[in-house]
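First comes the structure, then the notes that go with it.
The values are calculated or read from the model by the stated rules, or taken from the named source; none is laboratory data. Being a predicted model, the structure only gives us computed values, none of them experimental. Cβ atoms come from the backbone with ideal geometry, glycine included; neighbour counts cover every protein chain shown.
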Amino acid sequence: MKGRGPRGAWRSWALQIALVALLLAGVAALAAHALEVLRGRGIQSGFDFLLQPAGFEIGEGWLDFHAGQPFWRAFLAGLINTLRAAVPAAAIALVLGTLLGIGRLAPHLLVRSICTWYVEALRNVPLLVQLLMLYFALTQLLPDATEAVQLLPGVWLSKSGLSLPWPVTAEGHWLPSSFEWPERTAFNISGGAALTPEYLAIVFALGLYTAAFVAEIVRAGIQSVPAGQVDAARAMGFGPAQQLRIVVLPQALRLIVPAVTNQVLALVKNSSLAVAVGYPELVSVANTSLNSTGRAFECIAVVMAVYLLLSLLIAGGTNLYNARVALRGWR
Amino acid sequence: MQSTTSRRLASLAAFAALACSAVPAFAGKTLDAVKQRGTLNCGVTNGVAGFSAPDSQGNWSGLDVDTCRAVAAAVLGDPKKVNFVPLNAQQRFAALQAGEIDMLARNTTWTLSRDASLGLEFTTITYYDGQGFLVPKKLKVTSAKQLKGAEICTQSGTTNEKNVSDYFRAQNIKVKTVVFENFEASFKAFFSGRCQVFTTDASTLAGLRNKEAKNPDDYVILPDLISKEPFAPVVRRGDDEWFTIVKWVPHALIEAEELGVTQAGVDAAKSGSQDPAVQRLLGSSEDMGKLLGLDKDWAYRAVKAVGNYGEVFERNVGPKSVLQLPRGLNNLWNKGGLVYALPVR
């Protein structure tokens, strides 16, 4: 804003507002025309279907959902399933990515080569291919559900996934009162918490894939710390680990927040690939809804709005964080 | 396998096309467009044995494919002038709405909500099916009622997905569905052992068991059919002339079977038959084709191209096919089935 008087600022604001208004008018005109065409062809439209019973089941998730409940709740269950996959995947990506990024600069040749190979391999194969490979590996290699293996008491592994004892809350209580143990039934293992192969495949595929990109960002961040800082640390008598922990990483990790934010955003959006392996996340639920109602326009609009909101929330949150941690004078 | 992204782009493109195209649709527009183009764009499945599947040379065959060919023969005079457009369950209606295809012949179940809300019109039932269950024999299941706690693989966006949930809710049996966007992924997951049960229309189950299972005898199709699945070709609303044509071509094939006119015998019947019904159908007396906006040989060419309904059934899904399905409900009305030609007169 420097070099502009209050009048110049006013003019620039007016221009911005006019542009936004023009854009919104354009979108509204397009939507109105689309609706007119849809009506002209006898295609039902509108969001009223969200209140009607969905009529399909959602195989897994944290939100208890059954077919008699309305579509909006199905979308909510899908969104929660998206987060249920994206959050642990992001944790894997950040932790593993940081370690790999450091490892790529390690003085030890073997460590350095392993990290380099990991990054190159994972970064250059499409995520969908990795996801399908992981999923087929899980469902081909694990034993059939009827021949599930017991790893520990109450822990079963099979093609139906990993079943664990899980705390359950009795009616009217807030805190869990007992554990539900998985049990063998006629076909498979049921009860407790089950991590299905679909869920494991999407969490690990997303996490391992994104880790490769995070690793590159971390490496760039470390390399951007001036060599003088390392020399200074050495002069203070710090060993290599201390140099990294006390001097280099605190400076490097602050720098990379915006770039890593982009990776987290990409990870959340990439979770939509889970439909390929049958994990019921937001896009999968929207697809099913689209097909049972024919409201393609509306279902896609909901998906777009939800991803937009998620992205803005993540970007907003990390921007706040970035503003706090960024080095003064570096902005 | 198509990527999810490209599929999503395709559906977005369909909406864009829908949004940008002009509204007015006058009768006969589709027929004119098909004639001018010289090929019929026919939406089919991307591979369901017996209904529509390409062979290694890219030749399509199946009951739905023959419906497309019969329409092309009636309208364009040549059953080869069909451009088969493979569509998955999610794409099929949008493709028809947006005008990418002229008709959809893709084992699609005729339901009220689809009929009334999609701006589409179902023409005539070409196959009566029902939804069934495929299970490994070693589980020793003999009825769907024993499936408590089982995991069931199926495809999203189909009537199958909803029927399963309705059926087991009504029976008060808890099952778990694993739903795939892609049909191939859904049955591959089942045959790899991910699910203990696979569900879709019984005719498709038969095809899958014979084509995809390492040993077909390891699997059984349960006797329970949990739904009615009448398959019918679909066209866009608002083009009555085209709707009437796509409705009457299958009726002509059924009428031919009722009258005993076969693919091999159609020429002799056309020139020699004294039966007024045969003469009317094949255009050797009255000109029924004119009423449809076609010529009088329309039904003759359709039968000559694919045979009568019984021959189409036998070749694609019946005794002469790998599916070996019994005629059942798809037999003629006077032989214990539900197939009944509206009178061609």
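Computed quantities for the displayed model
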{"quantity": "Which numbered condition A:P70 fails, given (1) at pLDDT 90 or above; (2) touching a strand residue (DSSP E or B) at 6+ places or on another chain (Cβ under 7 Å); (3) at the interface with chain B (Cβ under 9 Å from one of its Cβ atoms)", "calculated": "(3)"}
{"quantity": "Check on B:E286, touching a Lys or Arg at 6+ places or on another chain (Cβ under 9 Å), modelled with pLDDT under 95 and surrounded by fewer than 21 Cβ atoms within 10 Å (Cβ to Cβ)", "calculated": "yes"}
{"quantity": "Set B:D115, B:D102: member being buried (at least 22 other Cβ atoms within 10 Å of the Cβ) and not hydrophobic (A, V, I, L, M, F, W, C)", "calculated": "B:D102"}
{"quantity": "Residue match in segment A:254-272 (condition: more than 14 Å from chain B (Cβ to nearest Cβ), more than 18 Å from the chain's Cα centre (by Cα) and part of a helix (DSSP H, G or I))", "calculated": "yes"}
{"quantity": "Check on A:A137, within 14 Å of another protein chain (Cβ to nearest Cβ), under 24 Å from B:L147 (Cβ atoms) and not aromatic (F, W, Y)", "calculated": "no"}
{"quantity": "Hits in segment B:310-334 - residues which are touching a Leu at 6+ places or on another chain (Cβ under 7 Å) and free of Cβ contacts under 8 Å to residues at least 60 places away in the same chain", "calculated": "B:G318"}
{"quantity": "Members of segment B:215-264 found to be more than 21 Å from the chain's Cα centre (by Cα), under 26 Å from B:R280 (Cα atoms) and among the hydroxyl-bearing types (S, T, Y), listed by number", "calculated": "B:T262"}
{"quantity": "Candidate set from segment A:109-142 (those that are over 22 Å from A:A274 (Cβ atoms) and among the hydroxyl-bearing types (S, T, Y)); member that is surrounded by the fewest Cβ atoms within 10 Å (Cβ to Cβ)", "calculated": "A:S113"}
{"quantity": "Out of A:L79, A:L38, sole residue that is crowded, with 20+ Cβ neighbours inside 10 Å, of a type outside the set (S, T, Y), facing chain B (nearest Cβ under 8 Å) and in contact (Cβ under 8 Å) with a residue 60 or more places away in the chain", "calculated": "A:L38"}
{"quantity": "Residue selected from segment B:85-103 under the condition part of a strand (DSSP E or B) and aliphatic (A, V, I, L, M), by the criterion farthest from the other protein chains (Cβ to nearest Cβ)", "calculated": "B:V85"}
{"quantity": "Whichever residue in segment B:125-170 is basic (K, R) and within 10 Å of another protein chain (Cβ to nearest Cβ) and, among such residues, is farthest from B:G207 (Cα to Cα)", "calculated": "B:R169"}
{"quantity": "Sole exception among (1) within 14 Å of chain B (Cβ to nearest Cβ); (2) assigned to a helix (DSSP H, G or I); (3) within 16 Å of A:P280 (Cβ to Cβ); (4) among the aromatic types (F, W, Y) for A:F49, by number", "calculated": "(3)"}
{"quantity": "Within segment B:204-235, tally of residues that are more than 21 Å from B:E151 (Cα to Cα) and in contact with a strand residue (DSSP E or B) (Cβ under 6 Å, 6 or more places away or on another chain)", "calculated": "7"}
{"quantity": "Selection count, segment B:299-309, where residues are free of Cβ contacts under 8 Å to residues at least 40 places away in the same chain and part of a loop (DSSP other than H, G, I, E, B)", "calculated": "0"}
{"quantity": "Condition check for A:A54: within 12 Å of another protein chain (Cβ to nearest Cβ) and either farther than 30 Å from B:R114 by Cα or under 33 Å from the mean Cα position of the chain (by Cα) (or both)", "calculated": "yes"}
{"quantity": "Complete set of residues in segment B:45-69 that are in contact with an Asp or Glu (Cβ under 6 Å, 6 or more places away or on another chain) and part of a loop (DSSP other than H, G, I, E, B)", "calculated": "B:F51"}
{"quantity": "Count of segment A:275-318 residues which are assigned to a helix (DSSP H, G or I), in contact (Cβ under 8 Å) with a residue 24 or more places away in the chain and more than 20 Å from A:T82 (Cα to Cα)", "calculated": "3"}
{"quantity": "Residue in segment B:171-192 that is within 14 Å of chain A (Cβ to nearest Cβ), farther than 25 Å from A:K159 by Cα, out of contact with any helix residue (DSSP H, G or I) (no Cβ under 7 Å at 6 or more places or on another chain) and surrounded by fewer than 17 Cβ atoms within 10 Å (Cβ to Cβ) present", "calculated": "yes"}
{"quantity": "Any hit, segment B:70-81, residues being modelled with pLDDT under 85, outside any strand (DSSP E or B) and either in contact with a helix residue (DSSP H, G or I) (Cβ under 8 Å, 6 or more places away or on another chain) or hydroxyl-bearing (S, T, Y) (or both)", "calculated": "no"}
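Listed here are the residues, each with its yes/no results for (1) hydrophobic (A, V, I, L, M, F, W, C); (2) closer than 19 Å to B:G50 by Cβ; (3) within 14 Å of chain A (Cβ to nearest Cβ).
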residue	(1), (2), (3)
B:A206	yes, yes, no
B:N210	no, yes, no
B:A213	yes, yes, no
B:F231	yes, yes, no
B:V235	yes, no, yes
B:G238	no, no, yes
